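Structure first, commentary second.
The values are calculated or read from the model by the stated rules, or taken from the named source; none is laboratory data. Treat the numbers as computed from the prediction; the structure is a model and nothing was measured. A quick note on method: Cβ atoms are made from the backbone with ideal geometry, for glycine too, and the neighbour counts reach across all protein chains shown. Keep in mind that these areas ignore ligands, DNA and RNA; they rest on the heavy atoms of the full protein, side chains included. Shrake-Rupley method; radii C 1.70, N 1.55, O 1.52, S 1.80 Å.
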Amino acid sequence: MRRRGGENRKARRGAPGLIAQLRRPPGGRDARIMLLAQLLDRAGTGVWAAACVLYFTFILGLDAGQLGLLFGAAGVAGIAGSPLAGHLADRFPVRSLLIGCHLLRLGTLCALLVVTDFDVLLAVVAVTHLGDRAAKTLEMLFATRVAGEQRSTYQALSRSSANAGYALGAGLAAIGLAVGTRGAYQVLILANALSFLAAAVLVWRTREPRGRGLLTAPPGDGAEDAETDAHTGDGVDPAAAAGAGAGKAGPAGASPWRDRGYLRFVLLDIPMNLDDSILGVGLPLWLVTQTSAPHSLIPAFLVINTVLVVVLQLRVSAKVQGPRQAADAVALYGLTTLLCCVLLATATAGGVWAASAALLAAAVLATAAELMRSVSSWELAVSLAPREARASYLGVAGMAQSVQKSAGPLLLTGAVMTAGPAGWLVLGAAVAGLSLVQRRSGLRRLDLLSGTPAPAPASASA
């Protein structure tokens with residue numbers, strides 16, 4: 001027993017930490033450059049996210065209705081960004097497309113400095129969000145190809161660096177917001193624009209992974225081969241391709257829009273992203289409108305989320321190895337979300353201290369759900385897609401998060417919180433139930449991909 005404990009301690013000591021992993025990430029030099037680019041990108045985004053509502057309200061003079069229309073149009077444009085990026089990545093180099101997205105956002109952010117007409121502003125903000133969602137999808141495709149079978153570790157590093165960037169950006173924005181002048185807001189806009197320029201320069205320094213925009217892998221036998229990425233080889237097993245996807249769509253192979261099994265995964269993945277709206281919208285509004293907790297507690301939610309993601313994301317990722325464990329993590333996501341919603345429902349019953357404790361614990365559970373989602377959603381999106389068409393498939397998978405960002409806040413404010421504590425209980429139970437459906441559906445599709453391929457296209461409906 002003593003020897004085994006010593007071996008376990010040695011293994012823990014030998015496991016590389018966050019800093020060591022960032023220095024030597026899966027994918028080597030190109031991955032390290034991309035992680036730095038993402039850090040700068042998210043820092044700029046954090047600056048603008050903290051300042052945009054105040055800029056539109058106090059500098060441009062938009063009312064609540066115009067703000068709602070503005071962000072609604074941005075959300076719809078964001079939904080289109082992911083599949084568009086995936087479609088183009090099947091035909092053009094991912095690296096060039098990502099540079100183009102950064103430069104597109106650079107241009108639209110600079111346009112905000114001079115645009116005052118609302119109709120033009122609507123188009124500028126919509127194009128910015130389209131480029132933002134497209135860039136995130138292209139970053140996923142790049143990582144899938146350069147990190148290979150260690151993509152979960154890369155994803156954890158990406159999440160940690162992105163959250164650190166957001167926190168840095170929000171801190172920098174606080175300086176400009178304290179000044180509050182038009183010039184200060186314009187400096188914040190320029191800071192975000194410069195972050196896109198810096199990210200584009202860094203991406204330009206990387207090398208395009210093998211295969212240009214296509215994500216291909218050599219044929220294999222079993223579920224583990226379904227995880228193999230493009231850079232490991234060039235061949236594609238026609239039989240496996242037929243069994244993995246539905247009809248063909250040009251030279252890139254299977255079409256995700258005709259693959260009912262994959263579309264089912266994407267549809268069920270939408271509620272598996274609700275932790276984002278719960279943390280960003282549900283918790284603050286519920287605290288203000290329904291509990292006796294102090295308003296000064298709201299910034300603590302962001303601090304808890306940022307710190308826990310940076311510290312724990314890599315450890316959580318290390319425990320979820322392969323698509324089957326990712327499917328199990330989906331069920332844990334549902335359970336964690338249910339517990340979070342139960343705490344939110346009970347936060348109205350106690351006094352200041354009880355409400356504060358319940359809300360802080362709910363923030364911890366929402367972050368735990370985010371940690372589960374970040375490793376399960378991405379891993380399954382890759383593993384459930386046919387190898388020869390992963391770019392277009394991952395583009396469609398990225399729509400789940402975009403749809404949630406548009407519909408999630410409306411669901412919480414228009415239905416869940418209107419129903420009171422019972423609304424949170426129903427939401428938690430629904431997410432938990434759907435997570436079990438997603439787990440079962442994902443495992444069934446993995447079995448199909450690893451089994452004997454069926455000759456007919458009907459296999460895609462499984």
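For Cys110, what accessible surface area do you get with a 1.4 Å probe? Give it in Å², rounded to 10.
Estimated to the nearest 10 Å², Cys110 gives 50 Å².
In nm, give the distance between the simple-model label positions of Asp328 and Arg207, each being 7 Å from the Cα along the Cα-to-Cβ direction.
Distance between label points: 3.7 nm.
If I model a spin label at Val311 and Arg24 as a point 7 Å from the Cα along the Cα→Cβ vector, what separation in nanometres do I get?
A separation of 2.6 nm, rounded to one decimal place.
Can you give the net charge of the other residues whose Cβ lies under 15 Å from the Cβ of Phe196, counting K and R as +1 and D and E as -1?
That sum, taken over residues with Cβ under 15 Å, equals +1.
What length, rounded to one decimal in nm, is gained on full extension from Ser296 through to Thr116, with 0.36 nm per residue of separation minus their alpha-carbon distance?
Using 0.36 nm per residue and subtracting the Cα-Cα distance, I get 61.4 nm.
Pop the C-beta distance of Leu103 and Ala80 into the FRET formula with R0 = 22 Å and round what comes out to the nearest 0.05. Intermediate values should be presented prior to the final figure.
Numbers: r = 19 Å, r/R0 = 0.86.
Once the sixth-power term is evaluated, E becomes 0.70.
With r as the distance between the Cβ atoms of Ala357 and Leu285 and R0 = 30 Å, compute the FRET efficiency 1/(1 + (r/R0)^6) and round to 0.05. Provide the component values of the computation, followed by the final result.
Working: r = 19 Å, r/R0 = 0.63.
For R0 = 30 Å, the calculated efficiency reads 0.95.
Between Val179 and Ala415, what is the label-point separation in nm under the 7 Å Cα-to-beta-carbon projection?
Result: 4.5 nm between the two label points.
Count the net charge of all other residues whose Cβ sits under 10 Å from the Cβ of Ile33, scoring Lys and Arg as +1 and Asp and Glu as -1.
Here the charged neighbours net out to +3.
Would you tally the net charge around Ser441, using a Cβ to Cβ cut-off of less than 14 Å, leaving Ser441 out, and scoring K and R as +1, D and E as -1? Provide the component values of the computation, followed by the final result.
Values: positive: Arg260, Arg264, Arg324, Arg439, Arg440, Arg444, Arg445; negative: Asp259, Asp269, Asp328, Asp447.
Result for the local shell: +3.
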